[in-house]
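Chemist: Submitted below is the structure of interest, expressed as structure tokens.
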Ligand SMILES: [Zn+2]
């Protein structure tokens, strides 16, 4: 058994676990955690029109509180492998940095959590005071349908309670220790479709041009802010990303016009209340004169927010002690699996520096892996103290 985060990270990086492939990453974690006394459950979730995905829950201890380390072992594709300095699944070390797809997002983070837990267990006779769990999915970089939401439900359905969760996503922006993520905005994609009556461009009175209606509704939806922000978030934002008519004929008034948009929203809204608000505003602007409809893309990207409290303080103090930085408690950036975990227990994200994630030559300084392990180790110690 090794509590060296670099060795564990290299073993994980050598597993080609591009979503939805398991690639040997969960098998490696199973072997490692079983050897330390964890009870390990592996389950595959599936659903019509999606790839089945393997997931993983491991726990040591039976008493509460149950401290959970969460993450994903799947990675985005490496792209052109020849563009990489070292093969993306070779886990090469050069210049005190470890290279490989997933180095920061987020096999490196998982390796640090595993190393910290193993080290803690060795120092405490092999058992935590309460329980320590790992909640690992293989479906984060994909559509996240057969991953964390089903995994959480599967575990909760068996009577397991989660008390606090640390998600090892690469939360830091520029420098290790600069940011803890305590919230993320939700994301919603929609299509606005306006229908008119097709006709000859020379006889507009016999047609109804949907482009006029679409332009009016786009203007109306952008005219008013969705909110003024909240205590921890900046204002929600709607952005149109495409306007499509697809009409190649110069003398034809089209019968339909469409636009596509994305909304990044804060905790003033839920997915459902936001759809209602947009539909209401469009109806008001249309005033019964424009025929329109919305198509909403399937989304499970709700908002997550963990208010300042014992968990944020515990993590911030450990980060400050190890790095000397006072981390910012941030709510910026894209979505993460914390949006699902937040329904079960308070969750914060703290991991490596995100700068090279999803890029060619994704890599992590070995010093960051060691510092993150030390931070997790302090968190565990103080959590059960
Ligand atoms: Zn990630």
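Chemist: How many angstrom lie between the C-alpha centres of the range 33-63 and the range 204-248?
Modeler: Their Cα centres are 44 Å away from one another.
Chemist: With the Cα gyration tensor of the range 17-58 in hand, give its eigenvalues times 5 under a square root as the equivalent ellipsoid semi-axes, listed largest first in whole angstrom.
Modeler: 23, 12, 4
Chemist: Explain nothing, just the number: relative contact order of the range 57-112, from Cα pairs under 8 Å at least 6 residues apart, as a whole percent.
Modeler: This gives 34 percent for the range 57-112.
Chemist: Now for a different question. Between residue 279 and residue 198, what FRET efficiency follows from the Cβ-Cβ distance if R0 is 41 Å, with the result rounded to 0.05?
Modeler: The computed FRET efficiency comes out at 0.95.
Chemist: Okay, moving on. What is the distance, in nm, between label points placed 7 Å from the Cα along the Cα-to-Cβ direction at residue 211 and at residue 35?
Modeler: Calculated label separation equals 6.7 nm.
Chemist: Tilt of helix 107-123 relative to the longest C-alpha principal axis of the chain, in degrees (0 to 90, nearest 10)?
Modeler: It is inclined by approximately 30 degrees.
Chemist: Describe numerically, in nm with one decimal, the distance between label points set 7 Å from Cα along Cα→Cβ at residue 191 and at residue 297.
Modeler: The answer from the label model is 1.1 nm.
Chemist: To the nearest whole percent, what portion of all C-alpha pairs in the range 1-130 is separated by more than 24 angstrom? Don't skip to the answer; put the middle values down first.
Modeler: Working: 2763 of 8385 pairs.
I get 33 percent for the Cα pairs in the range 1-130 exceeding 24 Å.
Chemist: Could you work out the per residue convex hull volume over the alpha carbons of the chain, in cubic angstrom? Don't skip to the answer; put the middle values down first.
Modeler: On the way: hull volume 59.4 nm³, N = 385.
Taking only Cα atoms, the chain has a hull volume of 154 Å³ per residue.
Chemist: A further question on this structure: Let me see the P(r) profile for the range 126-238: every Cα-Cα distance counted, bins of 5 Å, each bin given as a percent of all pairs.
Modeler: Taking all Cα pairs of the range 126-238, the binned fractions are 2, 7, 10, 11, 12, 12, 11, 9, 7, 6, 5, 4, 3, 1, 1, 0, 0 percent.
Chemist: Normalized C-alpha radius of gyration of the range 1-40, against 2.2 N^0.38 Å?
Modeler: 1.19
Chemist: Follow-up question, since we're still on this one. I'm a student and want to see the number: the projected area of the Cα convex hull of the range 240-385, averaged over all directions, in nm².
Modeler: For the range 240-385, the mean projected area of the Cα convex hull comes to 14.0 nm².
Chemist: Let's test the formula: R0 of 22 Å, r as the Cβ-Cβ distance of residue 385 and residue 326. What FRET efficiency results, to the nearest 0.05?
Modeler: 0.45
Chemist: On full extension of the chain, what length is gained from residue 86 through residue 62, given 0.36 nm per residue of separation minus the C-alpha to C-alpha distance?
Modeler: On the way: separation 24, 0.36 × 24 = 8.64 nm, distance 4.32 nm.
Extra length available between residue 86 and residue 62 comes to 4.3 nm.
Chemist: Sticking with this one: Can you tell me how much longer the chain between residue 260 and residue 161 gets when fully stretched, taken as 0.36 nm per residue apart minus their C-alpha distance, in nm with one decimal?
Modeler: Stretched fully, the residue 260-residue 161 segment lengthens by 31.6 nm.
Chemist: Something else: Determine one quarter of the surface area of the Cα convex hull of the range 188-248, which equals its mean projected area, and express it in nm² to one decimal.
Modeler: Dividing the Cα hull surface by four gives the mean projection, 5.4 nm².
None of the figures in this text is laboratory data; all of them are computed from the coordinates on show. Everything numeric here is computed off the predicted structure, so don't read it as measured data. FYI the Cβ positions are ideal-geometry reconstructions off the backbone, even for glycines, and counts take in every protein chain you see.
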